[in-house]
Amino acid sequence: MALARHSALSRHVQLARAARSYKATAATGSRQFSCNASAMELQSSVPHKELLRALKDMVPSLTTDSYKGQAGKVGVVGGCREYTGAPFFAAMSSLRMGCDLAYVFCTPSAAPVIKGYSPELIVIPELLDSRDFINVHLSDHSSKFRESIEPWLKRLSVLIIGPGLGDDALVAECMRDIVAMARKLQLPAIIDGSGLNFVAHTPDIVRGYSNCLLTPNIAEFGRLAEAVGVQLDGKIGVQWQQQHLSDHSSKFRESIEPWLKRLSVLIIGPGLGDD
């Protein structure tokens, strides 16, 4: 029986977006907290119990008339010759959190391995890898690629881009094309891992993408900041992270504010749930 729950990833995006517009009152006392577009603001000012309560409220009740797909359909764009574990764990995690269907868009060389991990996953080997397709450019196959991918994207509730995507140039072109299609469909997206490195090369692909969530670690955070011309104070590393987050992220907010304005996307940065 299909579990009547939205995917945890979709709920996370919904909660973060809702927090941008509303004020909530904590259950313990009359203190009010306000949340803006930054996820750091959300995490630093909302009590943990309130977050859990809000998440639980988003989970629909299990009913006998539920049908498969009603509880969410997650797509994971990731998986190449070297990396097959990350997209598998991302997809399986969504299923274990209650999502009904999980799709993995990967390169042909990664497909048999990922499919062999679990029969529950729907594996679509449509990403082009230059090592599998010699002297091939996405521009030569763009129309065909879009025709093969877009129908799948229209089925999804949320898209995760980057786990195990690797660094192949042709894969990067595919990823950028998928982001463009997802934006057109107004599909909520989460970009992580290798996907963030591609964003650092061409930040315009997510600029103004209000349904997009970036989840960089400390090194990826530094590369993204540099990509959009934001000068961070000091050398990016563990010490920088500790110094800028020791005072409940006040310095971090000041340093990242120009970045948020330039990209207009939601960012969950290092030290803000990246434990």
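The values are calculated or read from the model by the stated rules, or taken from the named source; none is laboratory data. Predicted, not measured: the structure shown is a model, and the values here were computed from it. Cβ atoms come from the backbone with ideal geometry, glycine included; neighbour counts cover every protein chain shown. Accessible surface areas use protein heavy atoms only, side chains included; no ligands, DNA or RNA. Shrake-Rupley method; radii C 1.70, N 1.55, O 1.52, S 1.80 Å.
A few points about this structure:
- Test for R146: is it surrounded by fewer than 19 Cβ atoms within 10 Å (Cβ to Cβ), charged (D, E, K, R), farther than 14 Å from V76 by Cα and modelled with pLDDT of 90 or more: no
- Remark: pairs (first residue in region 191-218, closer than 19 Å to G166 by Cβ and open to solvent by 20 Å² or more (accessible area, probe 1.4 Å); second residue at pLDDT 90 or above and acidic (D, E); Cβ separation under 6 Å; 6+ apart in sequence or on different chains) = T215/D192.
- Region 153-167, residues that are buried (at least 16 other Cβ atoms within 10 Å of the Cβ) and either at pLDDT below 90 or farther than 18 Å from G195 by Cα (or both): L156, S157
- Only listed residue being closer than 20 Å to I190 by Cβ and at pLDDT below 85, chosen from L101, L62, L51, L95: L51
- Taking the listed residues P112, P108, the one that is assigned to a loop (DSSP other than H, G, I, E, B) and farther than 26 Å from E220 by Cβ is P108, with no other qualifying.
- Qualifying position, being surrounded by 17 or more Cβ atoms within 10 Å (Cβ to Cβ), modelled with pLDDT under 60 and assigned to a helix (DSSP H, G or I), among F221, F252: F252
- Condition met for Y103 (part of a strand (DSSP E or B) and surrounded by fewer than 24 Cβ atoms within 10 Å (Cβ to Cβ)): yes
- Subset tally (residues that are more than 24 Å from E147 (Cβ to Cβ) and small (G, A, S)) for region 103-124: 2
- A90 in contact (Cβ under 8 Å) with a residue 24 or more places away in the chain and part of a strand (DSSP E or B): no
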